[in-house]
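A.B. asks: The following block contains the structure, expressed as structure tokens.
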Amino acid sequence: MRRALPPLHALRAFEAAARLGSFKAAADELGVTHGAVSQQVRLLEDWLRAKAFERHNRRVVLTPAARTYLAEIGPALDRIAAATAQYGHDAGAVLSVNAPASFALRWLVPRLAAFRAQHPAIQVRLETSNQPLEALAVPYDVVIRGGPDTFYGITARPFLSEERLPVCSPGLLARVPLHRPEDLGRHTLLHSSSLPRLWDDWLAAVGIPGLQPGAALTLDHFYLTLQAALDGIGLAMGPTALIADDLAEGRLVAPFPGPRLPARRYCAYVRDGRVEEAAVAAFLAWIEADGGEPMGAW
């Protein structure tokens, strides 16, 4: 029997606008103009002979009937995408990943060769950003951020824990020894502008909140702060997840055993319905194994 199917472009435009609550946001996600989304939605409304949206200023609200329709076609589109990804896997899947720059530079990139060796058919396209998940204009296969946070239609997968503690190069420690936290008054403390209170919090935790260091240096990226510590310029509040290799190989040392400041875990965020896609599932299994945490949906 011939299937009575509406145009696929119209379905995609409707699903994106309905999910995001905005024609503009749908246009950004699909890489088309606002007018193109509006035209495709009108095409679907004409095909269905039913109104899909109520317009409210810059937002659109689904009609009750359209809400029921979305609940059916949303999972169906996810299944089509999953089946297509599986079918094309052997030809070489492209996996788009978005991660914070410091995490990408210090943890992900050094390990990507191992992933490629295990999955040579998967091409990883990595972009860096610190934007909140909901602010990303481009739909990525996997987004790595802190968490776990809850988003509608998104599965959060915690995979790597982190704490923060003071670290420095062995050469700096040899030149100016540190026997107790008060000795930091003779050292340069390295700060990151994205996390400016780390040293204040740690000094408060050891009971010397008013300590004045010998000098202070602020850099705009966390990875620059860590590089300055590696170069012997001063001490940084090192995130354990990103400096584990440096500590293990002796490039950095932790002069004090504690306290360690708590931090949010790293999580992989994936659209519901895409977790089982071959390339996505392979990447999630790999970071879970390397990160050392059980990967359960949050």
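The values are calculated or read from the model by the stated rules, or taken from the named source; none is laboratory data. Just so it is clear, the structure is predicted and the values come from calculations on it, not from any experiment. Cβ atoms come from the backbone with ideal geometry, glycine included; neighbour counts cover every protein chain shown.
A.B. asks: Got a sec? Which of VAL167, VAL138 is of a type in the set (Val, Ile, Thr), closer than 20 Å to ARG264 by Cα and in contact (Cβ under 8 Å) with a residue 60 or more places away in the chain?
C.D. replies: On the way: VAL138 fails: closer than 20 Å to ARG264 by Cα.
Result of the check over VAL167, VAL138: VAL167.
A.B. asks: Being out of contact with any Gly (no Cβ under 9 Å at 6 or more places or on another chain), closer than 30 Å to GLU15 by Cα and surrounded by 20 or more Cβ atoms within 10 Å (Cβ to Cβ) is the requirement here; does ASP149 meet it?
C.D. replies: On the way: out of contact with any Gly (no Cβ under 9 Å at 6 or more places or on another chain): yes; closer than 30 Å to GLU15 by Cα: yes; surrounded by 20 or more Cβ atoms within 10 Å (Cβ to Cβ): no.
For ASP149, the condition - out of contact with any Gly (no Cβ under 9 Å at 6 or more places or on another chain), closer than 30 Å to GLU15 by Cα and surrounded by 20 or more Cβ atoms within 10 Å (Cβ to Cβ) - is not met.
A.B. asks: How do the pairs read when you match residues in the stretch 182-195 that are farther than 27 Å from GLN131 by Cα and without any contact (Cβ under 8 Å) to a residue 24 or more places away in the chain with residues anywhere that are loosely packed, with under 14 Cβ neighbours inside 10 Å and of a type outside the set (A, V, I, L, M, F, W, C), using Cβ under 9 Å and keeping only pairs 6 or more apart or on different chains?
C.D. replies: Close Cβ pairs (under 9 Å, with a partner that is loosely packed, with under 14 Cβ neighbours inside 10 Å and of a type outside the set (A, V, I, L, M, F, W, C)) amount to ASP183/PRO177.
A.B. asks: Looking at ALA113, ALA101, can you tell me which residue is among the small types (Gly, Ala, Ser) and either in contact (Cβ under 8 Å) with a residue 24 or more places away in the chain or touching an Asp or Glu at 6+ places or on another chain (Cβ under 7 Å) (or both)?
C.D. replies: Working: ALA113 fails: either in contact (Cβ under 8 Å) with a residue 24 or more places away in the chain or touching an Asp or Glu at 6+ places or on another chain (Cβ under 7 Å) (or both).
ALA101 is the lone residue from the list that is among the small types (Gly, Ala, Ser) and either in contact (Cβ under 8 Å) with a residue 24 or more places away in the chain or touching an Asp or Glu at 6+ places or on another chain (Cβ under 7 Å) (or both).
A.B. asks: Kindly indicate whether any position in the stretch 200-219 is modelled with pLDDT under 95, under 33 Å from the mean Cα position of the chain (by Cα) and charged (D, E, K, R).
C.D. replies: Taking every residue of the stretch 200-219 in turn, none turns out to be modelled with pLDDT under 95, under 33 Å from the mean Cα position of the chain (by Cα) and charged (D, E, K, R).
A.B. asks: Name the one entry in LEU112, LEU172, LEU95, LEU178 that is out of contact with any Ser or Thr (no Cβ under 8 Å at 6 or more places or on another chain), surrounded by 14 or more Cβ atoms within 10 Å (Cβ to Cβ) and in a strand (DSSP E or B). Can you show your working first?
C.D. replies: Values: LEU112 fails: in a strand (DSSP E or B); LEU172 fails: in a strand (DSSP E or B); LEU178 fails: in a strand (DSSP E or B).
From the options LEU112, LEU172, LEU95, LEU178, the qualifying one is LEU95.
A.B. asks: Looking at the stretch 34-68 only, could you name the residues that are closer than 11 Å to ALA18 by Cβ and either in contact (Cβ under 8 Å) with a residue 40 or more places away in the chain or basic (Lys, Arg) (or both)?
C.D. replies: The answer is VAL60, VAL61, LEU62, ALA66, ARG67.
Yes/no per residue for (1) at pLDDT below 95; (2) of a type outside the set (Asp, Glu); (3) surrounded by fewer than 18 Cβ atoms within 10 Å (Cβ to Cβ):
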{"residue": "ILE243", "(1), (2), (3)": "yes, yes, no"}
{"residue": "ASP246", "(1), (2), (3)": "yes, no, no"}
{"residue": "LEU252", "(1), (2), (3)": "no, yes, no"}
{"residue": "PRO257", "(1), (2), (3)": "yes, yes, yes"}
{"residue": "ARG271", "(1), (2), (3)": "yes, yes, no"}
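A.B. asks: Can you say whether LEU203 is in contact with a Ser or Thr (Cβ under 9 Å, 6 or more places away or on another chain) and surrounded by 12 or more Cβ atoms within 10 Å (Cβ to Cβ), as far as the supplied structure shows?
C.D. replies: no
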